[in-house]
Amino acid sequence: MKKYIVGFALVVLVSALFFAKYTGDDTISSSERTPAESSTAVFGTDELFTGSKKVLSDLNNPNVFNARTCAEVVNKVTDYLFYLPANHFIPKTDAEKEQLKTKGPDLLNTVFQIRVTLHEKLKQFDSRNELEGNCIQKIREGFQYARFTEEYILDWLYAQKVYTFKKTPVLIDEQPSTWTNPKFKGFQLQSGDVMLIRGKSYVSAMIARIADEEGNFSHAAIVGEDKAGNKYVVEALIQYGVVVTPLEKWRQAEDSRVALFRYPDQALAKKAARYMYDLAQGALERKQGIRYDFSMNDDDYSSMFCSEVIRVAYDKASGGKVMIPKFRSTTTKFKDHKYPRTLGVTKTSLFAPYDVEVDPRFDFIAEYRFMPLLRQVRMQDAVLQSVYSWMIEKGYDFHWDLGHSSKSYLAKLVRQFGVAKESLPKYMPVETIKTTVQFETVAAALEKNIYKKEAEYYKKNGYLPSFQDMLAINEAFRVQDCKNGKRFELPGIDRSQFHGFFYSDSKSCE
């Protein structure tokens, strides 16, 4: 999990702006570097701009970046971050702040172009049959690092009033809400377009992130089309199953992040859009609907989870010739842990939404962000990372709890009578409901604590905690909550917030 944790260390603008120290000299290995913690050097903001330009230049130089060197070059940049102290690149003087305010928009464009270039290289390597698994994985990491860099530069520029927040429709071609691949400037949403989404709920994120490969999205949807040419968004939602929403209505939603991908064969894309609209709308009109697939089994199309909607559309439209994704995520990190099974997931591989991002058959068009939600999802990501790492590394598990079981069975019962239909479907397995209730109880306690500690951290240091700092905050909370529970080991007395039902079999607080 090291590299994933490092990627989220970009929570602070400083550690986010990692490109500055990249030199392009691929003879330097991470083992030869001096950890930044032991360095007293202070670097100016000039590095941010020259470094990012250098990265972009090297990615476009086939002598430096090619299929053979792909993993090594990307890893060199991301691995370097592991050694950076939290405030490495924070502007420390008024002059540096003014420089970053002036050059920040250009820096954003450069970092975004790095992502565009990585995607183009992925397509090139694949077209020449040169693409290998280690390159795919490192490009996944490169997308994450670049994306977080953009978001924290953007956060800082908003705070400095360089940009003013204005709510816009999702994926309107207008900065700063949307950054667009220059090849598709002036784009309009088309039938068959695929959208990757980072929503607000823990439920979709915890299911989507079961995979070993990590990504920035928890949901996927496709632009469908009816016979009159009207456009809709077709998606599978946990609460309802597969739903159909008029495109312009859907674009008024508030999701923190939405990336747009397009299949170049527009005839096939249009056919996929029409197939999926007809299938979903027809089921709704028959009052049957298509159920949400909690098992995430995309071999069986009788029910569908979010990514499966995309798979079905292109599979059926192409007569089985286009099967998405080209590279699937694996599900081995939990090993024999029962957690995935309580959610219904039993397969060793699955189609995670962010697998589309490394599918070289798609073009990357643009990316939208809703600034007010970015901080919230960063908190959620820190919580998810901590909870999952405790499961995997410390043997934590959800244990039977009368209160949560009662809530789960009550929720299941009232739903059968038409109550709570906005929250869960009738067919949602009670075991899934129980695990979700327990997970959200742990998450709520951790998130409340992070918000409190973040304010204290900012007051003390003058900048926000990094992702690693937030993980440390969660870890300290875990230890204290465990000790609180152990202090009162008497029947009916539990002073912990979650250790009464979420703990390791050893019951150790270490």
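For segment 175-268, please list each of the strands (runs of 3 or more DSSP E) lying entirely inside it that holds at least 2 residues being touching an Asp or Glu at 6+ places or on another chain (Cβ under 8 Å) and more than 30 Å from K138 (Cα to Cα).
Where strands (runs of 3 or more DSSP E) fall fully within segment 175-268 and carry at least 2 residues being touching an Asp or Glu at 6+ places or on another chain (Cβ under 8 Å) and more than 30 Å from K138 (Cα to Cα), they are 231-237, 241-246.
Among (1) assigned to a loop (DSSP other than H, G, I, E, B); (2) under 22 Å from S256 (Cα atoms); (3) open to solvent by 40 Å² or more (accessible area, probe 1.4 Å), which single condition is E130 missing?
Looking at each condition in turn, E130 falls short on (2).
Can you confirm whether segment 378-397 contains a residue that is outside any helix (DSSP H, G or I), modelled with pLDDT of 90 or more and either of a type in the set (S, T, Y) or within 24 Å of the chain's Cα centre (by Cα) (or both)?
Yes, the conditions are met somewhere in segment 378-397.
Please go through segment 56-93 and give me each residue that is modelled with pLDDT of 95 or more and β-branched (V, I, T), ordered by number.
V64, T69
Restricted to segment 137-187, and to residues that are among the basic types (K, R) and under 17 Å from the mean Cα position of the chain (by Cα), which residue is surrounded by the most Cβ atoms within 10 Å (Cβ to Cβ)?
Within segment 137-187, the match that is surrounded by the most Cβ atoms within 10 Å (Cβ to Cβ) is R140.
Go through the residues of segment 94-107 one by one and say whether even a single one is of a type in the set (A, V, I, L, M), open to solvent by 10 Å² or more (accessible area, probe 1.4 Å) and at pLDDT below 90.
Checked against the condition, which is being of a type in the set (A, V, I, L, M), open to solvent by 10 Å² or more (accessible area, probe 1.4 Å) and at pLDDT below 90, segment 94-107 yields at least one hit.
Condition check ((1) aliphatic (A, V, I, L, M); (2) under 23 Å from P372 (Cβ atoms); (3) in contact with a Phe, Trp or Tyr (Cβ under 8 Å, 6 or more places away or on another chain)) across all residues:
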{"position": "K200", "(1), (2), (3)": "no, yes, no"}
{"position": "E213", "(1), (2), (3)": "no, no, yes"}
{"position": "A228", "(1), (2), (3)": "yes, no, no"}
{"position": "F261", "(1), (2), (3)": "no, no, yes"}
{"position": "L268", "(1), (2), (3)": "yes, no, yes"}
{"position": "D278", "(1), (2), (3)": "no, no, no"}
{"position": "A283", "(1), (2), (3)": "yes, no, no"}
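Looking only at segment 288-311, decide whether some residue is of a type in the set (G, A, S), part of a helix (DSSP H, G or I), open to solvent by less than 40 Å² (accessible area, probe 1.4 Å) and within 17 Å of M195 (Cα to Cα).
Yes, some residue in segment 288-311 is of a type in the set (G, A, S), part of a helix (DSSP H, G or I), open to solvent by less than 40 Å² (accessible area, probe 1.4 Å) and within 17 Å of M195 (Cα to Cα).
Any idea how many residues of segment 209-230 are of a type in the set (G, A, S), crowded, with 20+ Cβ neighbours inside 10 Å and farther than 18 Å from V312 by Cβ?
Qualifying residue count, segment 209-230: 3.
Does V479 satisfy the condition of being out of contact with any strand residue (DSSP E or B) (no Cβ under 9 Å at 6 or more places or on another chain), in a helix (DSSP H, G or I), open to solvent by 30 Å² or more (accessible area, probe 1.4 Å) and modelled with pLDDT under 90?
no
Could you tell me whether segment 320-331 includes any residue that is at pLDDT below 90 and within 21 Å of E214 (Cα to Cα)?
Among the residues of segment 320-331, at least one is at pLDDT below 90 and within 21 Å of E214 (Cα to Cα), which makes the answer yes.
Could you grab the pairs with beta carbons closer than 7 Å, sequence gap of 6+ or different chains, first residue in segment 159-177 and within 14 Å of A253 (Cα to Cα), second one β-branched (V, I, T)?
Between residues of segment 159-177 that are within 14 Å of A253 (Cα to Cα) and residues that are β-branched (V, I, T), the close pairs are V170/V258; L171/T178; L171/V258; I172/T178; S177/T168.
The values are calculated or read from the model by the stated rules, or taken from the named source; none is laboratory data. All of these numbers come straight from a predicted model, not from anything done at the bench. With ideal geometry, Cβ positions are generated from the backbone for all residues, glycine too; neighbour counts draw on all protein chains shown. Surface areas here come from the heavy atoms of the whole protein model, side chains and all, with no ligands, DNA or RNA. Shrake-Rupley method; radii C 1.70, N 1.55, O 1.52, S 1.80 Å.
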